[in-house]
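One structure is given below, encoded as structure tokens.
The values are calculated or read from the model by the stated rules, or taken from the named source; none is laboratory data. Predicted, not measured: the structure shown is a model, and the values here were computed from it. Note that each Cβ is placed from the backbone with ideal geometry, even for glycine, and that neighbours are counted across all protein chains shown. Accessible surface areas use protein heavy atoms only, side chains included; no ligands, DNA or RNA. Shrake-Rupley method; radii C 1.70, N 1.55, O 1.52, S 1.80 Å.
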Amino acid sequence: MHKIVYASGLTGFIGRNLLPILLQSYDEVINFGRNDIATIYRSSSLKDVKLSNKLFSKYPSNTFINLATLYDPSPKSITDFNNLIDANINFPLNLIENFLMKNNDDFNIINTSSYMQLIPQEFQNQYSLSKEIFLCRI
């Protein structure tokens, strides 16, 4: 069986630096984007595929590394705030509930957090609170 790890946020700063390290330990790294496209990275290639249950059957894994985030500490409009909630809470929760947990009972989630989550909640910004809400939901 191939060693596969699921991820989100591999196009960001941490993800771009983590991907080569993951490819040293895994045959395939599958990155999920908010556009319902998954990118399958191999040491010598990458391929975009549509997010579907078939993908999870063909490429099983029991680990998800959630790096994806939208950093907006002070949304200026309701649209900005909704984008923050969609990116930091809804996207990873939907991925976990609709695909990852449905296809695997024994599942590990590794999630990045904000250093702002270390301070009392009343002093946190909206970005760090969205990251905290996601943690409470998983």
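Given the conditions (1) surrounded by fewer than 18 Cβ atoms within 10 Å (Cβ to Cβ); (2) within 16 Å of Val5 (Cα to Cα); (3) hydrophobic (A, V, I, L, M, F, W, C), and given that Phe64 satisfies all but one, which numbered condition is not satisfied?
Result: Phe64 fails condition (1) only.
Could you list, in sequence order, the residues of the stretch 1-46 that are of a type in the set (A, V, I, L, M), in contact (Cβ under 8 Å) with a residue 60 or more places away in the chain and outside any strand (DSSP E or B)?
Scanning the stretch 1-46 gives a single hit, Ile14.
Scanning for something out of contact with any Leu (no Cβ under 8 Å at 6 or more places or on another chain), open to solvent by less than 80 Å² (accessible area, probe 1.4 Å) and among the polar types (S, T, N, Q), does the stretch 3-24 turn up at least one residue?
Among the residues of the stretch 3-24, not one is out of contact with any Leu (no Cβ under 8 Å at 6 or more places or on another chain), open to solvent by less than 80 Å² (accessible area, probe 1.4 Å) and among the polar types (S, T, N, Q), which makes the answer no.
Looking only at the stretch 29-48, which residues are surrounded by 14 or more Cβ atoms within 10 Å (Cβ to Cβ) and touching a Lys or Arg at 6+ places or on another chain (Cβ under 9 Å)?
Correct list: Val29, Ala38, Thr39, Ile40, Tyr41.
Restricting attention to the stretch 94-138, which residues are open to solvent by less than 30 Å² (accessible area, probe 1.4 Å) and hydroxyl-bearing (Ser, Thr, Tyr)?
Within the stretch 94-138, Ser114, Tyr127, Ser128, Ser130 qualify.
Considering the stretch 47-59 alone, what residues qualify as being in contact with a strand residue (DSSP E or B) (Cβ under 7 Å, 6 or more places away or on another chain) and not in a helix (DSSP H, G or I)? Working first, answer last.
Looking only at the stretch 47-59, we keep the residues that are in contact with a strand residue (DSSP E or B) (Cβ under 7 Å, 6 or more places away or on another chain), and these are 47-51, 55, 59.
Matches in the stretch 47-59: Lys47, Asp48, Val49, Lys50, Leu51, Tyr59.
Restricting to the stretch 49-61, give me the number of residues that are surrounded by 12 or more Cβ atoms within 10 Å (Cβ to Cβ) and of a type in the set (S, T, N, Q).
2
Taking the options Thr79, Thr69, name whichever one is under 23 Å from Ile133 (Cα atoms), in contact with a Gly (Cβ under 9 Å, 6 or more places away or on another chain) and open to solvent by 40 Å² or more (accessible area, probe 1.4 Å).
Thr69
Tally up the residues in the stretch 47-69 that are in contact with a helix residue (DSSP H, G or I) (Cβ under 7 Å, 6 or more places away or on another chain) and free of Cβ contacts under 8 Å to residues at least 24 places away in the same chain, please.
The number of residues fulfilling the criteria is 1.
Here are some conditions: (1) closer than 18 Å to Ile110 by Cβ; (2) open to solvent by 30 Å² or more (accessible area, probe 1.4 Å). Ile89 meets all but one. Which one does it not meet?
The number of the failed condition is (2).
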